[in-house]
Amino acid sequence: MSSRIFPRHTKSAPPVAARGEGCYIIGADGRRWLDGSGGAAVSCLGHSDPEVIAAIRAQAETLAFAHTGFFTTEAAERLASRLIAHAPAGIERVYLVSGGSEAVEAALKLARQYFLEIGQPARHRVIARRQSYHGNTLGALAAGGNAWRREPFAPLLMETTHIAPCYEYRGRAAGESAEDYGRRVADELEAEILRLGPDTVAAFVAEPVVGATAGAVPPVPGYFARIREICDRHGVLLILDEVMCGMGRTGTLFACEQDGVRPDIVTVAKGLGAGYQPVGAMLCSGEIYAAVEAGSGFFQHGHTYNGHPVACAAADRVVQKLTEGGMVERAAATGARLRAALEDTFAQHPHVGDIRGRGMFLGLEFVQDRETRAPFDPAEARHKRLKDAAFDAGLVCYPMGGTIDGRRGDHVLLAPPFILTDDQIGELVDKLGRAIDAVF
């Protein structure tokens, strides 16, 4: 039967995924792929967790849907309470959505409404970073700094401005300390706020560890502390996008814990539902919530599936397993072993320029020349060839191009399930190695 699906790419026909088993996806024809990227950093618990499946079944049998315009539900309340119990200090409220782009849209709208509520209506501008990714809806796409994704839709996007990323491998000057480099690029935020006019800027948006666009790029020490200081000085809200890097992926439940900063708003998704249900969340400070509560009392936003009971039941069990079940700690320990294996195998490879990341959120950047860090010609599309070669070898991974500036550079992102075993670490590295040998 011919497919009626509108696929991501009309020039290729993907195989049919029939079932999941731990860290593997199994095709209808019996082929097995090790899920080395968790899809897109989603499947943190693997593909057949019986406890999450049981929670979904129990909730569906009790109450499948209740619109948040009329009701709250026990599942939503449990999830929100569990998230707040583990959230950064000062984060007190949860707005439940169906995915990462929705979470970022909600964050941007809440930032704007907050300033309306407190009598600062001129504040509407958003600053973000180049080589960032915040989602594919129009608001989230506008905030993002991924040039390739933005370009076709530029006429539809709201006005945003972008400063340099904290990208040590490419940006740190010879003889410059990591701390000095971090301060230098963080200070671009203050310069941009002053250029735009401090009374017009509502928010700065950033990923604590940059995901898809740049390949697991962590900040240098002190960078986010300086960003927080600048935001506080100018009354700008700090929105941290942890859709990809949060929920234990980097070895702590919230990625920003490792940088010692508290956001005003933080977004999570992907690992929140672990792939078992589409779910995301926007969390905000008590101060922001209090401003809405004391003002209009109404957040002028919403979607039909906000706080979906079955999705919330699944996510609640996922977060319980991440925290009480020790899976976050496992991610940190397993991630360290995975990184060591990657470094043992690829650190001296003539075309691997950088191995980076945190926890089970790791990236390799490929270069034509290690000494000069020159990238490959973009026309060669090495990242696309790597994806195909890895897939043929039985590995799902997440290569991307345009790593440096949206056009040049190639990397691969690795974000496997936290349940990965030592034998599977070896399998992942072996299959990735075969793909790299074939392409580079």
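The values are calculated or read from the model by the stated rules, or taken from the named source; none is laboratory data. Keep in mind the model is a prediction, meaning the values are calculated, not measured. Here the Cβ positions follow ideal geometry from the backbone for every residue, glycine too, while neighbour counts run over all protein chains shown. These area figures cover heavy atoms from the full protein model, side chains too; ligands, DNA and RNA do not enter into them. Shrake-Rupley method; radii C 1.70, N 1.55, O 1.52, S 1.80 Å.
If I go through the range 117-137 residue by residue, how many of them are under 20 Å from the mean Cα position of the chain (by Cα) and open to solvent by less than 50 Å² (accessible area, probe 1.4 Å)?
8
Please enumerate the residues belonging to the range 196-244 that are among the small types (Gly, Ala, Ser), more than 27 Å from residue 39 (Cα to Cα) and either touching a residue at least 60 places away in the same chain (Cβ under 8 Å) or not in a helix (DSSP H, G or I) (or both).
197, 202, 203, 222, 235
Of the residues 318, 352, only one is of a type in the set (Val, Ile, Thr), in contact with a helix residue (DSSP H, G or I) (Cβ under 7 Å, 6 or more places away or on another chain), open to solvent by less than 40 Å² (accessible area, probe 1.4 Å) and more than 30 Å from residue 61 (Cβ to Cβ); which?
352
Among 46, 30, which is under 25 Å from residue 211 (Cα atoms) and not charged (D, E, K, R)?
46
Give the range 393-420 a look and list any residue that's farther than 15 Å from residue 40 by Cα, touching a residue at least 40 places away in the same chain (Cβ under 8 Å), of a type outside the set (A, V, I, L, M, F, W, C) and open to solvent by 40 Å² or more (accessible area, probe 1.4 Å), or say none.
Across the range 393-420, the qualifying residues are 405, 407.
How many of the residues in the range 191-226 are surrounded by fewer than 23 Cβ atoms within 10 Å (Cβ to Cβ) and on the phi > 0 side of the Ramachandran plot?
2
From 381, 389, 435, which residue is at pLDDT 95 or above and either open to solvent by 40 Å² or more (accessible area, probe 1.4 Å) or under 28 Å from residue 219 (Cα atoms) (or both)?
381
All but one of (1) of a type outside the set (A, V, I, L, M); (2) within 25 Å of residue 112 (Cα to Cα); (3) over 19 Å from the mean Cα position of the chain (by Cα) hold for residue 284; state the number of the condition that does not hold.
Of the numbered conditions (1) of a type outside the set (A, V, I, L, M); (2) within 25 Å of residue 112 (Cα to Cα); (3) over 19 Å from the mean Cα position of the chain (by Cα), the odd one out for residue 284 is (3).
Would you point out the residue of the range 135-179, among those that are touching a His at 6+ places or on another chain (Cβ under 7 Å) and not aliphatic (A, V, I, L, M), that is farthest from residue 104 (Cα to Cα)?
If we take residues in the range 135-179 being touching a His at 6+ places or on another chain (Cβ under 7 Å) and not aliphatic (A, V, I, L, M), then 145 is farthest from residue 104 (Cα to Cα).
At positive phi, open to solvent by 10 Å² or more (accessible area, probe 1.4 Å) and touching a Lys or Arg at 6+ places or on another chain (Cβ under 7 Å), is that true of residue 251?
yes
Any chance you could count how many residues in the range 152-172 are open to solvent by 50 Å² or more (accessible area, probe 1.4 Å), part of a loop (DSSP other than H, G, I, E, B) and of a type in the set (A, V, I, L, M, F, W, C)?
Total meeting the criteria: 1.
Would you pick out the residues in the range 321-349 that are open to solvent by 40 Å² or more (accessible area, probe 1.4 Å), farther than 16 Å from residue 52 by Cβ and assigned to a loop (DSSP other than H, G, I, E, B)?
348
For the range 65-78, check the following and say yes or no: at least one residue is surrounded by 22 or more Cβ atoms within 10 Å (Cβ to Cβ) and either in a loop (DSSP other than H, G, I, E, B) or modelled with pLDDT of 95 or more (or both).
Yes, some residue in the range 65-78 is surrounded by 22 or more Cβ atoms within 10 Å (Cβ to Cβ) and either in a loop (DSSP other than H, G, I, E, B) or modelled with pLDDT of 95 or more (or both).
Does residue 114 satisfy being crowded, with 16+ Cβ neighbours inside 10 Å, touching a residue at least 40 places away in the same chain (Cβ under 8 Å) and touching a Ser or Thr at 6+ places or on another chain (Cβ under 9 Å)?
no
For the range 138-148, what are the residues that are open to solvent by 10 Å² or more (accessible area, probe 1.4 Å) and more than 20 Å from residue 188 (Cα to Cα)?
Selection gives 138, 139, 148.
Counting just the residues of the range 183-238 that are among the acidic types (Asp, Glu) and touching a strand residue (DSSP E or B) at 6+ places or on another chain (Cβ under 6 Å), which one comes out nearest to residue 146 (Cα to Cα)?
My answer is 207.
Return yes when residue 229 is open to solvent by less than 10 Å² (accessible area, probe 1.4 Å), modelled with pLDDT of 95 or more and over 25 Å from residue 19 (Cβ atoms) and no when it is not.
It is false that residue 229 is open to solvent by less than 10 Å² (accessible area, probe 1.4 Å), modelled with pLDDT of 95 or more and over 25 Å from residue 19 (Cβ atoms).
Just to be sure, is residue 99 open to solvent by less than 40 Å² (accessible area, probe 1.4 Å) and in contact with a Cys (Cβ under 8 Å, 6 or more places away or on another chain)?
The answer is no for residue 99.
What residue, of 48, 2, 43, is of a type in the set (S, T, N, Q) and closer than 26 Å to residue 135 by Cα?
Just one listed residue meets the conditions, 43.
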